[in-house]
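These notes are about the structure you will find just below.
The values are calculated or read from the model by the stated rules, or taken from the named source; none is laboratory data. Because the structure is a prediction, the values reported are computed rather than measured. Every residue, glycine as well, gets a Cβ built from its backbone with ideal geometry; the counts of neighbours run over all protein chains shown. These accessible areas exclude ligands, DNA and RNA; they are computed on the full protein's heavy atoms, side chains included. Shrake-Rupley method; radii C 1.70, N 1.55, O 1.52, S 1.80 Å.
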Amino acid sequence: MLTFFSDSHHAHAPQYEFFRGERVPCFETPARAEYVKARLSERGHVLQTPDADSRVVLAKVHSARYLAFLEHAWRDWVQLEAGNEARQPFPSVWPVRTLRSDVEPLNFTARLGLYSMDNGSPLSAGTWYAAKAGADAAASAAALLTAGERAVFCCSRPPGHHAGPDFMGGYCFLNNAAVAAQALRDGGAARVAVLDVDYHHGNGTQSIFYDRADVLFVSLHGDPMTEYPFYLGHADETGMGEGAGFNLNLPLPAGCTAARWFEALEAACLRIAAFKAHALVVSLGLDTFAGDPISKFALQPDDFIRLGERLGKLGLSTVFVLEGGYAAAELGTNAVNVIEGFEGC
Ligand code: SP5
Ligand code: ZN
């Protein structure tokens, strides 16, 4: 399968994140994309550098002030205090209910909190360049589909599906799946489905399209009652306004079997078929793998072939975008299994 890969992903390389109040090494590492790239090359898949500029599409899925903040965040951080280039910024205050988020404070940490849903999305010097290259890959993939290609895989990081209209979160900065879906719409696809199979609910993608009937969002994920991102992803979130009925969440208990996961996948696929989508975007999180260090589903490597086969049977033009998956050494095999299942179905 034609794959977009950009070396710029290395520019996003924070050293640590917080877990239970302690600093721990980042789970979302450059090695992840390199393992996938290596396995793709080994299996003879063609790697290309993204050639589209996603800036116009980005402005349709993210707010202007969030994009401006993200693009200049590292520069602003470094200018703040000597020595900051060797430190990672983290938010420490957030405008939760009753506080104002319409006014952008001047203070850097206050702005970082305004544009963050958690303290788990560390920035580094090249975060904007890496994330932008991922969005460019998503836009490039959509352009190829518009030109008649059946399927394209975006091997990009950082991931995107937790990033909302105006915030980062969950290791995500720019919502690549939303960029792909919007670019497909702009290319003439009247109805686009986004299927999110990451272990974690794709809260950002859901929010971006929640009031729209032209983009269906379907997600299977760990039940937010116990699993990140906790505050979105319940079954009763079905869309609003014109988007009513065009959002489907299929939360599953942490620890559930692969059999149960595939039952939910079937329900997701039936909804997508009923929607009569012209194109499909798959938020391909591989943290459903049994060996994932931060997630609690039980998929085995062969299950990823079966996932690819089921998606292939939908018969739709498809953009795959890499999301989570933290068992880095197994990520290549699991990603390629999805792709080859899709192609071989
Ligand atoms: C894209 C994506 O998969 N983002 C996931 C972000 C999850 N952030 C919360 C991490 C919580 C880690 N819990 C670790 C439990 C280890 N025993
Ligand atoms: Zn995830």
**Request:** Please find, among Ala59, Ala31, Ala38, Ala73, the residue that is within 18 Å of Phe153 (Cβ to Cβ) and in a helix (DSSP H, G or I).
**Result:** Ala38
**Asked** Does Gly160 fit the bill of being out of contact with any Gly (no Cβ under 6 Å at 6 or more places or on another chain) and within 29 Å of Glu34 (Cα to Cα)?
**Response** yes
**Item:** Qualifying position, being part of a loop (DSSP other than H, G, I, E, B) and touching a His at 6+ places or on another chain (Cβ under 8 Å), among Ala213, Ala190
**Value:** Ala190
**Complete:** Out of (1) closer than 24 Å to Ala142 by Cα; (2) within 16 Å of ligand 2 (Cβ to nearest atom), the one Ala279 does not meet is (2)
**Message:** Going residue by residue through the range 45-56, is there one that turns out to be assigned to a helix (DSSP H, G or I) and crowded, with 19+ Cβ neighbours inside 10 Å?
**Reply:** no
**Enumeration of residues in the range 166-180 that are in contact with a Phe, Trp or Tyr (Cβ under 7 Å, 6 or more places away or on another chain) and either away from ligand 1 (no atom under 15 Å from the Cβ) or of a type in the set (S, T, N, Q) (or both)** = Asp166
**Item:** Residues satisfying the stated conditions in the range 87-110, i.e. surrounded by fewer than 18 Cβ atoms within 10 Å (Cβ to Cβ) and not in a loop (DSSP other than H, G, I, E, B)
**Value:** Thr109, Ala110
**Message:** So, Asp287, is that one out of contact with any Phe, Trp or Tyr (no Cβ under 9 Å at 6 or more places or on another chain), over 30 Å from Ala147 (Cα atoms) and not aliphatic (A, V, I, L, M) or not?
**Reply:** no
**Asked** Asp118 fails exactly one of the following numbered conditions: (1) within 16 Å of ligand 2 (Cβ to nearest atom); (2) part of a helix (DSSP H, G or I). What is the number of that condition?
**Response** (2)
**Item:** Hey, Ala68 in contact (Cβ under 8 Å) with a residue 60 or more places away in the chain, open to solvent by 30 Å² or more (accessible area, probe 1.4 Å) and in a helix (DSSP H, G or I) or not
**Value:** no
**Fill in**
When every residue in the range 141-168 that is surrounded by fewer than 24 Cβ atoms within 10 Å (Cβ to Cβ) and of a type outside the set (Asp, Glu) is compared, the one nearest to ligand 2 (Cβ to nearest atom) is Pro165
**Message:** Condition first: more than 15 Å from ligand 1 (Cβ to nearest atom), open to solvent by less than 10 Å² (accessible area, probe 1.4 Å) and out of contact with any helix residue (DSSP H, G or I) (no Cβ under 6 Å at 6 or more places or on another chain). Now tell me which residues in the range 124-140 satisfy that.
**Reply:** Ala137, Ser140
**Prompt:** Can you name the residue in the range 194-216 that is more than 16 Å from ligand 2 (Cβ to nearest atom) and not small (Gly, Ala, Ser) and, of all such residues, is nearest to Leu265 (Cα to Cα)?
**Reply:** Leu216
**Any chance Arg260 is closer than 30 Å to Phe19 by Cβ and basic (Lys, Arg)** = yes
**Request:** Return a yes/no flag: does the range 126-140 have any residue that is touching a Gly at 6+ places or on another chain (Cβ under 6 Å) and either within 16 Å of ligand 2 (Cβ to nearest atom) or assigned to a helix (DSSP H, G or I) (or both).
**Result:** no
